[in-house]
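Colleague: Submitted below is the structure of interest, expressed as structure tokens.
The values are calculated or read from the model by the stated rules, or taken from the named source; none is laboratory data. Quick caveat, the model's predicted, so the values are computed rather than measured. Cβ atoms come from the backbone with ideal geometry, glycine included; neighbour counts cover every protein chain shown.
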């Protein structure tokens, strides 16, 4: 069997009530079982929205500058039953079809985003959403 | 802690401290197929400007009642109850958290994004 047109999406939205000194990393995966036929990945993309304010909890303290990526880190792993065959790992962004990949039994979509720490009395106020999606086709092949 | 998900939908998890205050909220959305699975790994502590805080995950809502969720392999209510005991929550806080009740986060400084769960629920009810 082959499953035809498939999609995986995963998103994580974080809201913090107060100021923090450590913004945790984001790590999340979504998985879909395939039938071991031929897979062509049509699109992989990651999205990120974040508002952030670097501040200090005391007066007369300059917390410094901070820069953080506008993009989440997204990739799609296609894994076969053969433990000796390494997974095929495709990263985002990609908006054209991949070469055919044969024998995959699992598609794993991973999304990550950076963590960061500031030294007290510096503090971070933030809200963020990171997400990732992949569109792919499984067809009868090889 | 591992949050394991089977099936599509959106879920809201609030992370409370031992006093029952929500320090962080996560909204996890997955889609693809009814048989898909997902995994999210989170730390059960948060470094705030007021110091380190041990936190408890509380599964507050799910858009899809058929979606299955496990916290470290346990039913969310069971895990929440055990974690509440570990960090010394008051009995009332533990009882409410175990039944999925936790207050929404109230950002005490910028930025913020107001929750719209009630509005969405009302809209969906109207159109169904």
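Colleague: Check segment B:33-55 and report whether any residue there is facing chain A (nearest Cβ under 7 Å), buried (at least 23 other Cβ atoms within 10 Å of the Cβ) and farther than 30 Å from residue A:120 by Cβ.
Modeller: Yes, there is a match, as at least one residue in segment B:33-55 is facing chain A (nearest Cβ under 7 Å), buried (at least 23 other Cβ atoms within 10 Å of the Cβ) and farther than 30 Å from residue A:120 by Cβ.
Colleague: Another question, if that's okay. Taking the residues in segment A:7-32 that are part of a strand (DSSP E or B) and more than 7 Å from chain B (Cβ to nearest Cβ) as candidates, determine which candidate is surrounded by the fewest Cβ atoms within 10 Å (Cβ to Cβ). Reasoning before the result, please.
Modeller: Just the residues of segment A:7-32 that are part of a strand (DSSP E or B), to begin with: A:7-16, A:20, A:22-23, A:26-32.
From the residues that got through so far, the ones that are more than 7 Å from chain B (Cβ to nearest Cβ) too are A:23, A:26.
Details: A:23: 22, A:26: 24.
Residue satisfying both the conditions and the ranking: A:23.
Colleague: For the structure I just gave you, tell me whether residue A:102 is within 14 Å of chain B (Cβ to nearest Cβ), in contact (Cβ under 8 Å) with a residue 60 or more places away in the chain, surrounded by fewer than 20 Cβ atoms within 10 Å (Cβ to Cβ) and more than 30 Å from residue B:114 (Cα to Cα).
Modeller: Numbers: within 14 Å of chain B (Cβ to nearest Cβ): no; in contact (Cβ under 8 Å) with a residue 60 or more places away in the chain: yes; surrounded by fewer than 20 Cβ atoms within 10 Å (Cβ to Cβ): yes; more than 30 Å from residue B:114 (Cα to Cα): yes.
In short, no.
Colleague: Would you check which residues across segment A:49-61 are in contact with a strand residue (DSSP E or B) (Cβ under 7 Å, 6 or more places away or on another chain) and not in a strand (DSSP E or B) and list them?
Modeller: A:57
Colleague: Another one. Return the residues of segment B:93-118 that are closer than 24 Å to residue B:69 by Cβ and out of contact with any strand residue (DSSP E or B) (no Cβ under 6 Å at 6 or more places or on another chain); say none if nothing qualifies. Steps first, answer last, please.
Modeller: Applying the first criterion (closer than 24 Å to residue B:69 by Cβ) to segment B:93-118 yields B:93-105, B:113, B:115-118.
Answer for segment B:93-118, where residues must be closer than 24 Å to residue B:69 by Cβ and out of contact with any strand residue (DSSP E or B) (no Cβ under 6 Å at 6 or more places or on another chain): B:93, B:94, B:95, B:96, B:98, B:99, B:101, B:104, B:115, B:116, B:117, B:118.
Colleague: Give the number of residues within segment A:62-116 that are assigned to a loop (DSSP other than H, G, I, E, B) and closer than 30 Å to residue A:141 by Cβ. Give the derivation first.
Modeller: Looking only at segment A:62-116, we keep the residues that are assigned to a loop (DSSP other than H, G, I, E, B), and these are A:62-72, A:81-87, A:92-93, A:95-100, A:103, A:114-115.
So of that shortlist, the ones also closer than 30 Å to residue A:141 by Cβ come out as A:81-87, A:92-93, A:95-100, A:103.
So the count comes out to 16.
Colleague: Going through segment B:61-79 one residue at a time, which ones are over 18 Å from residue B:18 (Cβ atoms) and in a strand (DSSP E or B)?
Modeller: B:61, B:62, B:68, B:69, B:70, B:74 - these are the residues of segment B:61-79 that are over 18 Å from residue B:18 (Cβ atoms) and in a strand (DSSP E or B).
Colleague: Still on this structure: Would you check which residues across segment A:112-134 are closer than 23 Å to residue A:11 by Cα and more than 10 Å from chain B (Cβ to nearest Cβ) and list them?
Modeller: Answer for segment A:112-134, where residues must be closer than 23 Å to residue A:11 by Cα and more than 10 Å from chain B (Cβ to nearest Cβ): A:112, A:113, A:114, A:116, A:130, A:132.
Colleague: Another one. Can you confirm whether residue A:96 is exposed (fewer than 12 other Cβ atoms within 10 Å of the Cβ) and at pLDDT 95 or above?
Modeller: Yes.
Colleague: Kindly check whether there is at least one residue in segment A:39-48 that is away from chain B (no Cβ under 13 Å), crowded, with 17+ Cβ neighbours inside 10 Å and part of a loop (DSSP other than H, G, I, E, B).
Modeller: No, that holds for no residue.
Colleague: Hey, another quick one. Name the pairs: first residue in segment A:81-95 and in contact (Cβ under 8 Å) with a residue 24 or more places away in the chain, second residue part of a loop (DSSP other than H, G, I, E, B) and surrounded by 11 or more Cβ atoms within 10 Å (Cβ to Cβ), Cβ to Cβ under 9 Å, at least 6 apart or on different chains?
Modeller: As it stands, the answer is A:81/A:36; A:81/A:103; A:90/A:98; A:92/A:71; A:92/A:72; A:93/A:71, since those pairs meet every condition given.
Colleague: In addition: Within segment B:1-11, count every residue that is farther than 18 Å from residue B:83 by Cα and either surrounded by 20 or more Cβ atoms within 10 Å (Cβ to Cβ) or without any contact (Cβ under 8 Å) to a residue 60 or more places away in the chain (or both). Break it down into steps so the answer makes sense when it comes.
Modeller: Quick first cut of segment B:1-11, residues farther than 18 Å from residue B:83 by Cα only: B:5-11.
If we keep only those that are either surrounded by 20 or more Cβ atoms within 10 Å (Cβ to Cβ) or without any contact (Cβ under 8 Å) to a residue 60 or more places away in the chain (or both) too, we end up with B:5, B:7-11.
Final tally of qualifying residues: 6.
Colleague: Additional query: Residue B:69 fails exactly one of the following numbered conditions: (1) under 30 Å from residue A:122 (Cα atoms); (2) within 14 Å of chain A (Cβ to nearest Cβ); (3) touching a helix residue (DSSP H, G or I) at 6+ places or on another chain (Cβ under 8 Å). What is the number of that condition?
Modeller: The failed condition is (1).
To keep it simple, each residue is scored yes or no on (1) in contact (Cβ under 8 Å) with a residue 24 or more places away in the chain; (2) in contact with a strand residue (DSSP E or B) (Cβ under 9 Å, 6 or more places away or on another chain).
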{"position": "B:15", "(1), (2)": "yes, yes"}
{"position": "B:19", "(1), (2)": "yes, no"}
{"position": "B:23", "(1), (2)": "yes, yes"}
{"position": "B:39", "(1), (2)": "yes, yes"}
{"position": "B:44", "(1), (2)": "yes, yes"}
{"position": "B:52", "(1), (2)": "no, yes"}
{"position": "B:55", "(1), (2)": "yes, yes"}
{"position": "B:58", "(1), (2)": "yes, yes"}
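Colleague: Please enumerate the residues belonging to segment B:72-89 that are farther than 25 Å from residue A:23 by Cβ, out of contact with any helix residue (DSSP H, G or I) (no Cβ under 9 Å at 6 or more places or on another chain) and in contact (Cβ under 8 Å) with a residue 40 or more places away in the chain.
Modeller: B:88
Colleague: Can I ask one more? Exactly one of (1) farther than 20 Å from residue A:35 by Cβ; (2) crowded, with 20+ Cβ neighbours inside 10 Å; (3) within 12 Å of the chain's Cα centre (by Cα) is unmet by residue A:109. Its number?
Modeller: (1) is the only condition that residue A:109 fails.
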